[in-house]
1. Within the range 72-97, count every residue that is farther than 16 Å from Ala184 by Cα and buried (at least 17 other Cβ atoms within 10 Å of the Cβ).
2. Residues that are surrounded by 24 or more Cβ atoms within 10 Å (Cβ to Cβ) and over 22 Å from the mean Cα position of the chain (by Cα): does the range 153-169 have at least one?
3. Which residues, counting only those in the range 89-114, are outside any helix (DSSP H, G or I) and either β-branched (Val, Ile, Thr) or touching a strand residue (DSSP E or B) at 6+ places or on another chain (Cβ under 9 Å) (or both)?
4. Go through the range 26-39 and give me each residue that's part of a strand (DSSP E or B) and either among the small types (Gly, Ala, Ser) or not assigned by TED's automatic domain parsing to the domain that holds Leu383 (or both).
5. Filter the range 293-331 for residues that are within 24 Å of Lys235 (Cβ to Cβ) and either crowded, with 19+ Cβ neighbours inside 10 Å or of a type in the set (Phe, Trp, Tyr) (or both) and give the result.
6. Can you tell me which residue is surrounded by the fewest Cβ atoms within 10 Å (Cβ to Cβ) among those in the range 351-389 that are of a type in the set (Val, Ile, Thr) and over 19 Å from Leu128 (Cβ atoms)?
7. Are there any pairs, at least 6 apart or on different chains, whose C-beta atoms fall under 6 Å, with the first in the range 149-173 and in contact (Cβ under 8 Å) with a residue 24 or more places away in the chain and farther than 16 Å from His254 by Cβ and the second part of a strand (DSSP E or B) and among the aliphatic types (A, V, I, L, M), and if so, which?
8. Which number in (1) free of Cβ contacts under 8 Å to residues at least 24 places away in the same chain; (2) part of a helix (DSSP H, G or I); (3) over 24 Å from the mean Cα position of the chain (by Cα) marks the one condition that Gly272 misses?
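The values are calculated or read from the model by the stated rules, or taken from the named source; none is laboratory data. Quantities reported herein were computed from a predicted structural model and do not represent experimental measurements. Quick reminder, even Gly has a Cβ in these numbers, built from the backbone with ideal geometry, and neighbours come from all protein chains shown.
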Amino acid sequence: MRLAKELEAPEVVTIDTGSAPRIIHFGEDFLLEDLPVGTRVIYPRQPMAGLPNPRAAIRWALHHPLECDPLPAQLRPGMKVTIAIDDLSVPLPQMARPDLRQTMLEILLEMLADHGVDDVHIIIAIALHRKMTAAEVERMVGPKVFREFWPDRLYHHDAEDPSMMVELGRTRHGEPVRINRRAAESDLLIYANVNFVPMNGGHKSIGVGLTDYEGLKANHNPHAIRESWSYMDPKGPSELHRSIDRIGKIVEQHVNVFKIETAINNRMYGAGMEFLAKNEDDFTETDRLKFQALKWTLSRTPRALRREVFMRVPAPYELIAVYAGKTEAVHDKILEKSYEQYAVKVQGQADILIHGIPFISPYNVNSKALNPLLVQVMGLGYLFNLYRGRPLVKKGGVLILAHPCTDDFDTEHHPSYVEFFYRVLTETRDATVHQHKYEEEFAKNPAYIEMYRRGHAYHGVHPLYMWYWGENGRQHVGKVIVVGAENEHVPRILGWERADTLAEAIAMARAEMGRSAQITMVHNAPVVLADVE
């Protein structure tokens, strides 16, 4: 029995009576917890129906773009065309094959060939992310495109190759506009986005994805983050997005950009696992048996193998919208569709907010661990920012996160993270001090630069950006309590308190906020975005 009428859409927001335990993501496992009576649980919307013919929808968008001529009308023999695509940081988990990037590339390359365009390069817009392995690239673009283009005409953007970069000018705020030279010097730059969440796409694709450290300093800094509201509301009061938009407008004064953006639905779980996205009140007996079997299996599987299995299970995401044309017009349409899938109306803020942190983030795909800095960025960066209007938790409220908080690091992917965590964070957690005292050292470290360029490592400065990314969450909440941390030192270095159980964490939070404190839990994943009124 429920205590209050659900809001706006069925199975989206409910008031928990404690009659059914709630599932919380906990790294490579799940907790099953009884919540206090009156706890508000926010559930994701059910997946919207996918478009019946994605290839036809993409072709239609290319022939009916927004605010510009159809793509075929812009093509001519002998022109230089560059196609830029996102890396494997989106979507999460990786989508079932064929990846949308493969579908878009196959359609684009066929159209370019039909119009006599043979000077075509495909650039993976990694900015300071790690380079993907050849196998990861092939899975993303498909075997046909991979065989024809890799590695000479399908390659990663290299932000540390001076010959690959060009400065197009500066914004009125003095921000340098630096992008990939091949992209800038092309007759046409096509960017094909997979918009996993509302912060993807728009001017961010080129202005961030194809720039370098000097370009990123304009908006990847503590001041810009502190002056930003939700990352998921680009139209809101966000200095991060204002800076990116200023840079993007300069780019498009110099470069002929044709943008393609896609929106996908919330179908994160495949056959046999769909129950994980449901309201537990609606579980069938079969659902309960499946969950018990899943928990039993996970309890007997080593963590490394659990992670490997989770990483290898793709999500059956479906295309729900595709638009092409001028950047801002396209992005506005995709934002509308994205909010239609993700946004849930919520009345009022919580005193205590509970989030489970899953095994994956945009920065550890196919890595050996979700290291402590990435746990931090998931909690205070991404999950905290899943709102529009106002944060879901009150200023000074308590954020409860569930994660084992191991101190495992993938030293191939995240070598500079280890030094930042154990050397810098143990000295100070002040992001401004990090920026002025340590940022240049990490950014210019020749060993880290070499590992970024020749290996599969995130850039040396990347862990500082991950700390900055949690800055507005850190400034907003009064306390963070982590449930189930397997050690004392990781929470201590992060500035968090720890509790062995969720019940203990709630008691600690109530001691801070009062016995009548409003408690809200967000049932992530799939993605749910709170429209807080």
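1. Taking the range 72-97 and keeping what is farther than 16 Å from Ala184 by Cα, we get 72-78, 86-97.
Now narrow it down to the ones that are buried (at least 17 other Cβ atoms within 10 Å of the Cβ): 74-75, 86-95.
The number of residues fulfilling the criteria is 12.
2. The initial filter retains those residues of the range 153-169 that are surrounded by 24 or more Cβ atoms within 10 Å (Cβ to Cβ), namely 157, 159.
With the extra rule that they be over 22 Å from the mean Cα position of the chain (by Cα), the set shrinks to none.
Checking the range 153-169: not a single residue is surrounded by 24 or more Cβ atoms within 10 Å (Cβ to Cβ) and over 22 Å from the mean Cα position of the chain (by Cα).
3. Val90, Pro91, Leu92, Pro93, Gln94, Met95, Ala96
4. Step one: list which residues in the range 26-39 are part of a strand (DSSP E or B), which gives 26-27, 29-33.
Matches in the range 26-39: Gly27 only.
5. Going through the range 293-331, the residues within 24 Å of Lys235 (Cβ to Cβ) turn out to be 319-331.
Within the range 293-331, Leu319, Ile320, Ala321, Val322, Tyr323, Ala324, Gly325, Thr327, Val330, His331 qualify.
6. Of all residues in the range 351-389, those of a type in the set (Val, Ile, Thr) come to 352, 354, 357, 360, 365, 375, 377.
When the remaining residues are screened for being over 19 Å from Leu128 (Cβ atoms), the result is 352, 354, 357, 360, 375.
Working: Ile352: 27, Ile354: 28, Ile357: 26, Ile360: 23, Val375: 26.
Of everything passing the filter in the range 351-389, Ile360 is surrounded by the fewest Cβ atoms within 10 Å (Cβ to Cβ).
7. As it stands, the answer is Phe149/Ile122; Leu154/Ile122; His156/Ile124; His157/Ile123, since those pairs meet every condition given.
8. (2)
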